[in-house]
Each structure stands twice: as structure tokens, then as C-alpha cells.
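Notes for the one structure printed next.
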Amino acid sequence: MPLSATSTSTSTSTNAPSANAPSATKQAVHDRVHAHRAELLALSRRIHAHPETAFEEHRAAAWCAELLRDHGYSVTAPAHGLATAFSATLGSGPTTVALVCEYDALPGLGHACGHNLIAAAGLGAAVGLAPYADRLGLTVRVIGAPAEERGAGKALLLEAGAFDGAAAAMMVHPCPVEVADFRSFALGTLSVRYTGRAAHPSLNPHDGRNAADALTVAQVAIGLLRQQLPPQWRVHGITTGAGTAPNLIPDSASAEYEIRASAAEDLSELRARVEDCFRAGALATGCEVELSRPEPDYLDMRSDPALLALWRANAAALGRPEPVESGPFACTDMGNVSHAVPSIHPVLDITGGACAPHEAAFAEAALGPEAERAVLDGAVAMAWTAADLAAGNS
């Protein structure tokens, strides 16, 4: 994950509430989150200790749903056609705010992206708001969103109506830097399958159609294409199959590729150019090619300016580090939500730049004191931001 700057965390200072929502209620929300500190941090550690990958997060989803029921939420689980998704609601105010929880882990790396913290912070905001939702004019909706790392779970939930009627959606993410206006790349995936004709490489090579060669031609074409791509466009992938023995011309080959661009509108052009490279491999070798999308596109994250201003004020009131400005980095399916619902996705520094998500050290950091602070600060700041939004809508 390329980063443009780093920041250093400081200890939690005053819990002074910011403007808009009644100060006394915001203070009460803060105090309630901290009163349930042990419960929230225990959940974070429990999810961390039992990592589950995309669409397999059965325990994590159940633990989150159980905690929400304990705090008065009406929970539907599973929800919206996904076995490890849930939806929970409380309150009857006119402003519906969706608090988004992630809890999937990385294959082989566990919670090296810190999704245990995301889940705990979202639930913390829900717990803090629970007794005050109607007083604040809120309907609180908690959405358990599986498969962020692979599978675009939020894109599927959005299509299924999970965010319908929401005035805002928000979540926080741990990071090695503090960024309020988080921006991400748009991401598309591509599966490639070549079919050729097997033959003996010395007895009758002229009868063969080499699928591995088709993939090689395509990879060379992509390498040349990169010279003409804009700076923020990325193409990268791996070969997943290209024959089984050197004395047999491969009749099949496969690859998995990703494409990235700074805006969703650019993905269609980039995809067309990359797919043409794969078609060129098939044309040059006499093979057939099958191109497919294994998951929905991840759209670029676009923070809502009004929500972002509320977040900044509330994070500052909690003594969070001064956020830095950053260009797009990484990808998230929260970007899809942000194209349909006013959204924010601030990232909270838990390592001071010492390590980044998807590194083994980040999984260790996701259990540290700065990670615990991020859970509580993230929960309070999201709850306060929701309260301020409702006050502004009243």
C-alpha cells in the first residue's frame, strides 16, 4: 500500500463534543462507548484470534449479531442473500445512518488488514447511540459486510438493497497514517482461460496449439501497453496454470489479473485494452480464450464533503492526530456505497508508519494499544458524526 505521508499518534485528550447535536447527549454517547470498552475490545480480540476469509466469516458475523441483540437491536442474519451478512436496526428517527462493519481476514495473513478493529468500532458506535437514537432523530442501521478483501461484498449488498433509504454510510479503517478524506483506486478483476490443443513437442509439435504461448504473447502485449497507460492506471496479475510437463504442449493456461484506475469511469476503457491483449494471444497461437469477471468492480471512494467536515471536527475533539492529505491508495468496496449514498471512510493511524496493511506486522499491530484507541475513537467519532447529521437534518 503506497503512502504519501505518515503521522504520529498522541494520547487521547479531552472528550469535548463538537457542534450541532446537543453536547450533553454527545457526552453521554461517549461515556457509554467507554463503559463498554471491555466488551468491544474483547470482540476485536476474538475476531482477530479466529480469522475467517471472504464469505466464510460465520463466527465473526454471529458474534457481532449477538452483541447487537444484547443492546436492543433488531437483527436479521443472514441478510440480503449473503450467508455471512447481517442487518440490525434500532430507533425510529427520520435520519437513517448506516454503520458498516467488516470482519473478513486475509488468506495466510489473518487480520493483517485490521478488520477486527473495523467491526468493533462499528459496533461501538451502535452501542453508544442505542439509548439515544430516538432523542437524536436517528434510525441506526448496522450492516455486517463480508468479503471486502475478495468478493466485493458491499457491492452485492448495495445491489440487494441493504443501503436503501440511508442518509449516510460510514466506517473507519486502521492504517499507518491518519487520513480523513480517504481516496481509493477503482479496481476490476479478470479471469483468463486459454484452450489449445495438446501434442508431443518433438514428435508432432505442428499439431499442437500452445495455450502457454498464448498467455506469453498476452503478457508481452500488456508489458508494452503499460508504456501508453496514464500514471494512475495499473495492470498486474499472476499465472495460475500453464501446462503440467515440459514434454507436452499445454492445451490449457490460466491467469488472474487486476486492473486499477483512479476513477471508476476509466475502468471500462482500461479493461477493453487489456482484454484485447489477451485476445491477441489467442489470435497469434490459434487458441481460444475465455474472459470473465470473478467479482463486481470496486469503485473509487468519494467522501461526502458535509459528512467529512463533521467527522473532522469530531475526530479533532477526541484528540486524533492531524490528518494528512493523500492521493488514492488501496481499494475498497465501500467506494461502491459512496457512489450511491453519502459516505465517509476515514483511516486511523495505528502504527505511525512502521508497517502497512497486508504485512504480517500489521496483524500484530491490530492488537496493540493504538489499535484499541482507534476502536474507541472511531466508535465515538462515528456516533457523534451521525448525531450531528441528524441534528442538521431536523
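Things worth noting here:
- Using the 1.4 Å probe convention, the accessible area of the chain works out to 38 Å² per residue with neighbouring protein chains retained.
- What the phi angles of the stretch 338-348 give under the Karplus curve with 6.51, -1.76 and 1.60, with θ = phi - 60°, is a coupling list of 5, 7, 10, 9, x, 9, 9, 8, x, 10, 10 Hz, glycine and proline written as x.
- Scanning the chain for long hydrophobic helices, with DSSP H runs required to stretch 15 angstrom or more by C-alpha along their axis and to average at least 1.6 on the Kyte-Doolittle scale, returns 211-225.
- Net charge of Cβ neighbours under 15 Å - reference ASP251; Lys, Arg +1; Asp, Glu -1: -1
- Of the residues VAL75, VAL142, the one with the largest accessible area comes first in the ranking VAL75, VAL142, computed with a 1.4 Å probe on protein heavy atoms.
- Placing +1 on the Cβ of every Lys and Arg and -1 on the Cβ of every Asp and Glu, with nothing else charged, gives the stretch 52-118 a dipole about its Cα centre of roughly 180 debye.
- When nucleic acids and ligands are ignored and a 1.4 Å probe is applied, ASP213 ends up with an accessible area of around 80 Å².
- Computed [θ] at 222 nm, helices only, for the chain once each DSSP H run of length n ≥ 4 contributes -39500 (n - 2.57): -12000 deg cm²/dmol
- Between SER343, SER87, SER252, the Gaussian network model of the chain with springs among Cα atoms under 10 angstrom shows the greatest mean-square fluctuation at SER252.
- Surrounding net charge for GLU178, when Lys and Arg each add one and Asp and Glu each subtract one, Cβ distance under 13 Å: -3
- Pairwise Cα inverse-distance average, inverted: Kirkwood Rh of the stretch 272-332 (Å): 16.2
- When all alpha carbon pairs of the chain are counted in 20 Å bins from zero, the resulting P(r) reads 28, 50, 18, 4, 0 %.
- Computed from point charges on the beta carbon alone (+1 for Lys and Arg, -1 for Asp and Glu), the dipole magnitude for the stretch 304-394 about its Cα centre is near 220 Debye.
- Positive-end ranking of ASN336, GLY241, CYS277 along the dipole of the chain, with charges on Cβ about the Cα centre, is headed by ASN336.
- Its Cα centre serving as origin, the chain has a Cβ charge dipole (Lys and Arg +1, Asp and Glu -1) of approximately 300 debye.
- Note on HIS358: accessible area is roughly 90 Å² with a 1.4 Å probe, heavy atoms of protein only.
- Accessible-area order (highest first, 1.4 angstrom probe) of the listed residues LEU215, LEU299: LEU299, LEU215
- Between VAL324, TYR298, GLY196, the Cα set farthest toward the positive side of the dipole of the chain (charges on each charged residue's Cβ, about the Cα centre) is that of VAL324.
- Here the 3J(HN,Hα) profile of the stretch 201-210, calculated from phi with Karplus coefficients 6.51, -1.76 and 1.60 at θ = phi - 60°, is x, 10, 6, 9, x, 5, 8, x, 10, 7 Hz, Gly and Pro shown as x.
- Each part gets one Cα centre, and for the stretch 116-149 versus the stretch 200-227 those centres are 52 Å apart.
The values are calculated or read from the model by the stated rules, or taken from the named source; none is laboratory data. For clarity, every value in this text was computed on a predicted model and none was experimentally measured. Glycine gets a Cβ as well: all are built from the backbone with ideal geometry, and neighbour counts include every protein chain shown. In case anyone asks, the SASA skips ligands and DNA or RNA and just uses the protein heavy atoms, side chains included. Shrake-Rupley method; radii C 1.70, N 1.55, O 1.52, S 1.80 Å.
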